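I have placed the structure first, in the form of structure tokens, so that the comments after it can refer back to it.
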Amino acid sequence: MKSKLSLVSTVQEHPLPESEAQAADLIVGYLEQIGVEYVFGVPGGAIEPLYNALARSARRGGPRPVVARHEAGAAFMADGYARETGRIGVCCATSGPGATNLITGAACAYDNSVPMLVITGQPPLPSHGRRALQDSSCAGVNVVGMFEHCTRFNSLVSHVDQIEAKLVSALMHAWQVPHGPSHLSIPVDVLRAPVAAIHPAFDLRRRLRQTADAVVLDETAIDQLCAELKQARRVAMLVGGGCGEAIGSILNVAEALGAALVSTPDGKGLINPEHRLYRGVFGFAGHATARAALLEADIDLILAIGTSLGEWTSAGWCETVLNERLVHIDASHEHLMRSPMARLHVRGRILSVFERLRARIESVPNPPTQASLPDGAGHVPYLDAQELLDDATPINPRRLMFELGRRCPPHTRFLADAGNSTAWAVHCLEVNDRRLHRGHARAGQPSRRAHHGGWLRVTMDFAPMGWAIGGAVGTALGNPRCPVVCLTGDGSFLMNGQEITVARAAGVTVLFVILNDSALGMVKHGQRLAGAERIGFELPEVDYRRLAEAMDIPAYVVRSPEDLACLDLAAILRRKGPTLIDARIDGEAVPPMSLRMQALGTAK
């Protein structure tokens, strides 16, 4: 086996003359203009002209293809790339089953507000409705109809003259708030149709910047919020996953107010756990200290910021947050519609809202600083130290998470897969990061965080298994300077683990950690906790080290804390290419999933 595989499997030997430019080249031209580096997908006959255009683009240093092993993996890679880079993720597939395989990834991006362009092929237009191979037109298996409910823009391109207008609309819809996927279904004959030039007619970079800044800022609501802050005895802030670009300003305001800080599960990665005001996670797999902080008697104002207030982010729609103390701040009107009980809604770009708040607070000679929370050495111990240091074999998942966070470099990105991996990561994973100890940028200076995804990334709401595997590859391609750790279960790995070979082909640094308990862990523990029939959770015992080695990927088995201590994780994460750890965890350790049981109505 070669030591490094090319991302582009086959390219033509000669570039296409400008006079023979095709519609597919124009699409790639627009992607290049807005800074897209990769298109993730699986090739096929109906999408072939797009791959030809990507091959020509790759030779000149423009966008290039990354071939996934399954189309869902391609969509997850585009998702991870978008979260890391702040650009639009792009994925593509051929017609029929290639297109339908993308739907899960598109739905995940829709529910998590991730900007994405999804391109699917179609048989030639004259063959629609004639039982063409993999016909997914309205006269066959209607793919456009299937994408309708999980996209921001969705259209069949029926003529080459529609390409430019519909592509621009798709990209702008993907980028507007709330972000999400757009889908274009394009017949193969339209993709290869000649165009006058491959150079974009519109400056889409400028249009996207304008779209990002176009969220109307409710100045009246900001005035009302300032009045509420002035009257409040003490304030708590619930920081959600949508706060990425604004986290520096949010923490500045929190410091000025002495506000209690808690996060949603997807917002945890935006805050340094060592921040003196931080009280842990509220919501799925959260901490008792976070709920206690919100329930303190003198807290009479709770700012929920950049969060959907869904099941996992509101602790099962808990009245601890959803009450008359609530002020909901978000750029998304869809999120604000879920908090009708709030005393105030503030809609606008979160960064702009908190820059205004910070300026108002700093302009007041004696700003209304609430009673400051304790400023002890280190963070509040919202975790049980004895459990974190459990020396038992097989290794306790709590200890595994603690050691990974403590020993990986501070700039590591962690992606946790759906199920037990998310539960353990949200509850136990912390980063050993002393930079920006107080958690914010200095006044007047930008935050040092260059990305908006945070150090821990999870999916809310839709939460497909295997997302983190593809997402980790996309993250690493989007930012090769930072190591990436994928936390996944053996169930997720058996479902989507083949994408690890894409990391090898690309030569990107990803550490895949498999929580191996030979079971669908959340199903197993959920059945036990609910007193339900114990069925369907068993998985075969698999030696994932040997599986990885068969793919020429370095791998290790970890059964105990001592095994993990023998591994130089910093060196592993400096090495180019993927590595796998088969972590044989204690399958009897019950993950923090009581909230999920309550929401299902099966809690005992």
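Laid out as a table, the results:
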read-out	value
Per-peptide average of other Cβ atoms within 10 Å, ordering 389-401, 198-210, 481-493 highest first	481-493, 389-401, 198-210
The chain - Rg and Dmax from Cα coordinates, angstrom	24.4, 76
Segments 500-506, 566-572 sorted - mean Cβ within 10 Å per residue, highest first	500-506, 566-572
Within-13-Å neighbourhood charge of I103 [Cβ basis; K, R +1; D, E -1]	-3
³J(HN,Hα), Karplus 6.51/-1.76/1.60, whole Hz, each residue of the range 505-522, x for Gly, Pro	4, 7, x, 9, 8, 9, 9, 8, 10, 9, 7, 9, 10, 6, 7, 7, x, 5
In sequence order, calculated HN-Hα J values of the range 278-292 (Karplus, 6.51, -1.76, 1.60; Hz; x Gly/Pro)	7, 10, x, 9, 10, x, 4, 6, x, 10, 4, 5, 5, 5, 4
Overall Cα dimensions of the range 159-287, principal axis frame, Å, largest first	66, 36, 19
Value of relative contact order over the range 278-335, rounded to a whole percent, pairs C-alpha under 8 Å and six or more apart	36 percent
Cα centre as origin, Lys/Arg/Asp/Glu Cβ charges: the chain dipole, Debye	1020 debye
Cβ-based exposure ranking for T220, T475, in which fewest neighbours within 10 Å come first	T220, T475
Cα extents of the range 53-124 along the three principal axes, largest first (Å)	35, 33, 20
Antiparallel DSSP beta bridges within the chain, percent to nearest 5	5 percent
For the range 18-213: Kirkwood Rh in Å [reciprocal of mean 1/r, alpha carbons]	16.1 Å
For the range 385-600: relative contact order, % (alpha-carbon pairs under 8 angstrom, 6 or more apart)	26 percent
Residue-wise HN-Hα coupling along the range 327-336, computed from phi with Karplus coefficients 6.51, -1.76, 1.60 (Hz; x: Gly, Pro)	10, 9, 10, 6, 7, 9, 5, 5, 5, 5
Relative contact order %, the chain, counting alpha carbon pairs below 8 Å whose residues are six or more apart	14 percent
Residues of type aspartates and glutamates that K576 reaches as a straight line, Cα spacing below 17 Å, ignoring anything fewer than 8 places off in the same chain	E499, E549, D552, D568
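Just so you know, all these numbers are worked out from the coordinates, no wet-lab data involved. Here the structure is a predicted model, which is why all the values come from computation and not from measurement. Reconstructed Cβ throughout: ideal geometry from the backbone, glycine too, with neighbour counts over all protein chains shown.
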